Each structure stands twice: as C-alpha cells, then as structure tokens.
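Here's the structure we're looking at; comments come further down.
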Amino acid sequence: MLVRTICLTGMFMTAALFSGCTNHPDVTTDFTVDKAISKEKLPDFSSYSNVKEKKKAFFAFIERLADEANREIKAERSALLAIREFGQYDELDDSATEFLQKLATKYRLEDVEDTGRLVERLLVRVAPVPPSLAMAQAANESAWGTSRFAVKGNNLFGQWCFSKGCGIVPEQRAGDAFHEVASFKSPYASVRSYMLNINRHDAYQELRRIRAEALKNKGFASGTVVAGGLESYSERGHEYIDEVRSMIRFNKLGKYDQPDTSDS
C-alpha cells in the first residue's frame, strides 16, 4: 500500500505535498528574501515639501516592505495548509515535524503537544497582516518616517526592547523605566519584527481572532476590521484604533488589502 507523506525542505523554502513523494506532482511554495528590499535604506521623507507627494512616497515604500514581509508569512502558511490537508499527523516525516517545531518556537506555541491542535493554532497566528494596517500604523508611529527613532534606528512602529543598548533611550522616559525604542538594521527588519509581534504577542489575540474570522468568511482581512484588535498597542486604546481606521479610510488604503487566495 502506498503511504502518503509530506516532504518539506527548509523552514520557509519549500512545502511539498506528495503521494509517495514520487508519482504525484508536488504543491510547492518557495520564498527567498529580496535582498534589495531587505537592505533598502529609509528615504529622507523630511525633504518633501509637497504633502501629497510625501504621503504617496511613504505609502509606496511601506507597501513594498509589507508585501515582502507578508510573502514570507504566506510561504509558512502554505506549508501549514499542506500539512493540514495531508491530515495524517502520526505519519509526518522528520522534516515536516522539524518544520512544525521551528514554527511553534517562532510563534511561541511550544506548549502545544497535540500536532493537529498545533497546526490549527499556528494557522491563526501565521497569517498576513493587512498592508493598509501596516501602512497606517507606520505613518502614525514614525511621523511619516521622520521621527528620531525612524531616522536613527529604522524603527517605524514604535517597538520597544528591554536590554541595555538594544535601541534608543526615549528622552521622556520615566525614572524607573528601563525600556528603549528598538533599533533595526533596516526598515524591512522593522516591518518584519512588527508583523511577528502582531502575530505572536498575547496582547493581540483579539486581533488574530478577528482576522481568522475574516479570512474564513471573506477570504481576506481588511485593515479597518483588523484594527479593532489594537487596543493594547497604544495607551490611547480605542482612540488609537479610531485614529488608525481614520487614516486608512482618508488615504484610501483599503485598496491594498486584496483577497488572499492562499487558503484555497
């Protein structure tokens, strides 16, 4: 009897679903980071005198980085969907098992021992972040790419870190606080870190629930809908959510949230 197995090569590079891994065509998703995008420097957005041109350039820049970061997430998700379609979790080969273990560590689900449950919980976390949401938050948090943290540390989303020297010390930090605003090697690294934070931090469980429901019902998640799970992102809570949604609507960023067919 021919045993169906899944053969996975590399964590992000290839996810292949075979019957016997020999006489059936595979379903493959490849991902290689675009080096040009990953090393792209932050443009001098303060040099723009025309507001419309500045916003257009900023959104185009963030969209490019967000699409690349989401492409990596979609590669991971495609592999997970292939594993779920296979379904026979007790027959997964070593490479598939290792792939799941690495994703469990990356997305902080190491405590989930049942393989089927792990796959389902990973699929809630391993999903694209709506580009419009990333674009609006980047504009909000980085003052359109001109803040001190953006210019000096490539930090476009106001992310914190908690070890000495990991970033830039805020000028108005409270005396008993020890956080810094994280520094990144490139703007792309900042976008990638932001998406990982959204996808795995406990503070954004509601955001992921909203997104999962939208993906199930509509095939894609819009930034205005998913923004409803950002209450913990800022001390301003619902006021911050309203502000992000307003930025998405006013700048017509919803057009960038295209239906995601990766689950088909």
At R0 = 51 Å, FRET efficiency that the Cβ-Cβ distance of Arg117 and Glu235 yields, to 0.05: 0.90
Extension gain (nm, one decimal) between Lys218 and Asp93, 0.36 nm per residue minus Cα-Cα: 41.7 nm
The stretch 6-256: C-alpha gyration tensor shape, a/c 1.5 cut-off, then a/b vs b/c: prolate
Ordering of 88-95, 64-71, 117-124 by burial proxy (mean other Cβ atoms within 10 Å per residue, highest first): 64-71, 117-124, 88-95
Highest to lowest packing among 152-165, 35-48, 229-242, 73-86, scored as the average C-beta count within 10 Å: 73-86, 152-165, 229-242, 35-48
Residue pairs, from the table Lys39/Lys218; Lys55/Lys164; Lys55/Lys185; Lys54/Lys152; Lys39/Lys102; Lys54/Lys164, whose Cα atoms sit over 28 Å apart: Lys39/Lys218; Lys55/Lys164; Lys54/Lys164
Packing rank of 141-151, 207-217, where each peptide gets the mean count of other beta carbons within 10 Å, highest leading: 141-151, 207-217
Alpha-carbon centroid distance for the pair the stretch 53-104 / the stretch 178-214, whole angstrom: 15
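Here, each number is a calculation from the coordinates, and none is a lab measurement. These numbers were taken from a predicted model, which means no experiment stands behind them. FYI the Cβ positions are ideal-geometry reconstructions off the backbone, even for glycines, and counts take in every protein chain you see.
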